[in-house]
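The structure under discussion appears below in the form of structure tokens.
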């Protein structure tokens, strides 16, 4: 940011801008804070102009630059910024802003139309203006609502009195399904009647039509006809061809109107889209893909990822579709880069991880590794990124490299204890599932229980690990002892909630029922009494009775439902509030 102490503004304005800047930096996703800061900067010195102080202008530009780096798809602010630059520094500065804006949101009809209009008024070299219009046509010409741009293009050529160029433009437009297709076709037909016949169709088509007219005349035994009569018949055939084009464009427009009419917000905004809007985009993309036109499908995807820029679903779909097209590796990479670096919030790392998978598949393993590291710089506790990175290393460099990733993250001071507990279980499962060493995996659990005893995930994975070990009638007693050891450790060392312990012990009761030996029911009933019994018998945390002596189960609703469904007898141990009591009781 600029140095506030150097502003040519009042102390009150300084203080307000500092305050708003602090709010923005505290939460850069807060769109309203940015808007307030922009308005405050624009209002400096009673409203900025070319005579404003350099410090005030620098502050305004800095805020706009940072805002549009954060929200590059807000086309209205690019136009506003360009207008400000035009008033302050002239056309060259404004043109630089337009170029940046159109590079950031390449398929925005309104922004390109504004840029072209600006160029028309400030540049007197026709070929430079036409070059810009052609760039814009390639970017937005296929848009269903592209008529403001095409109207501007035609307006420019009318100013130049270049009727031949207007006709060429209309020849392109009549093939495009768009909202106002009929208006363009009507003007095209009117112009066609005044243009030389050689301009209407390609030379080979014209030769074919002339041959047809002459053949039809010969078949009727007519005398040789005048050139004007031949041309009249040729024009009639050309007109029929044009009408067929019109009908095809009309059909294509009507098919798309079903979806276009449901698009309520065709531009980007930070507010969420309604589910109906998301569903409509899905159906529209389904339709366009089924039509099989690569250019039109690509253009629709580009429109979609502007409106739905914050939804990783559509970026992933776009990348997947593009990857199915032959020879489009760079295009896929560009899609992922835009999603990962500009639009999809880092709090949803899925797109970035998919980007890493893509780069690995292309043999760019170093780039994939850089992506994982970049994610973890922002989200140090992101389990998905750490696990994906470890699996990447396993695939590329072996099991020891994967384990090294887990060890480094477990030792890292910025990773929280519960994330580390998950990583320890992943480490153990690598040793078990990949290396095939049950003993080494069990050792990881045993050595780390003292550190991660308060993680429910750690216990769930340890329990699952022991339960899934293969056994036989001879080995079952040893297996049962190992399972029991886990639950003994759980009772002795863990401080997870009583409800969580009760839920985990349901797994043990199932084990005793289904796999226990002849005396398993003794252990079953002992656990039943100590874990699920009344407070006077329970070994878990004692409940706090809050009102009138009635007692409710300390189990959370999910655990209670499982207990009632799987073991109805348990439920009888829990006393519901007595309807005759004066009040109710609950556990903390």
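Coordinate-derived values only; no laboratory data. This one's a predicted model, so the numbers in the text were calculated from it and none came from an experiment. As a convention, Cβ positions derive from the backbone with ideal geometry for all residues, glycine included, and neighbour counts pool all protein chains shown.
Which residues does a label at residue 267 reach in the stretch 94-120, if reach means a backbone N under 13 Å from a point 7 Å past the Cα toward the Cβ? It comes to 108-114, nothing else.
With the Kirkwood sum run over all distinct C-alpha pairs, the chain has a hydrodynamic radius of 31.2 Å. Residue separation of residue 226 and residue 472 scaled by 0.36 nm, minus their Cα-Cα distance, works out to 78.3 nm of gained length. Angle of helix 383-397 to the longest C-alpha principal axis of the chain, folded into 0 to 90 degrees and rounded to 10: 80°.
Peptides 119-131, 498-510, 399-411 ranked from most to least packed by the mean count of surrounding Cβ atoms within 10 Å: 498-510, 399-411, 119-131. Of the three principal axes defined by the Cα atoms of the stretch 192-311, the extents in descending order read 73, 25, 21 Å. Judged by the mean number of other Cβ atoms found within 10 Å, the most tightly packed of the peptides 364-377, 200-213 leads the ranking 364-377, 200-213.
Summary of the geometry: the stretch 352-390 and the stretch 119-170, compared by the centres of their Cα atoms, lie 45 Å apart. Annotation for the stretch 407-482 versus the stretch 47-77: alpha-carbon center distance of 55 Å. Which residues does the label zone of residue 193 cover in the stretch 239-262, counting backbone N under 13 Å from a point 7 Å along Cα→Cβ? From the stretch 239-262, the list is 239. Stretching residue 92 away from residue 145 to a fully extended chain increases their span by 16.2 nm, per 0.36 nm per residue minus the current alpha-carbon distance.
Taking every alpha-carbon pair under 8 Å whose residues sit at least 6 apart, the chain reaches a relative contact order of 5 percent. The label-point distance for residue 15 and residue 35, in a model that sets each label 7 Å from Cα toward Cβ, rounds to 2.6 nm. Remark: the residue 295-residue 208 segment gains 28.3 nm on full extension, using 0.36 nm per residue and subtracting the alpha carbon distance. Calculate how steeply helix 557-566 sits against the longest principal axis of the alpha-carbon atoms of the chain, using the helix alpha-carbon long axis, and give the answer as 0 to 90 degrees to the nearest 10. That works out to roughly 70 degrees. In terms of the mean number of neighbouring beta-carbon atoms within 10 Å, the peptides 263-270, 151-158 order highest first as 151-158, 263-270. The angle separating the long axis of helix 520-532 from the principal Cα axis of greatest extent in the chain is about 70 degrees. Taking the stretch 390-434 and a reference point 7 angstrom along Cα→Cβ of residue 515, the backbone N atoms nearer than 18 Å belong to 429, 432-433.
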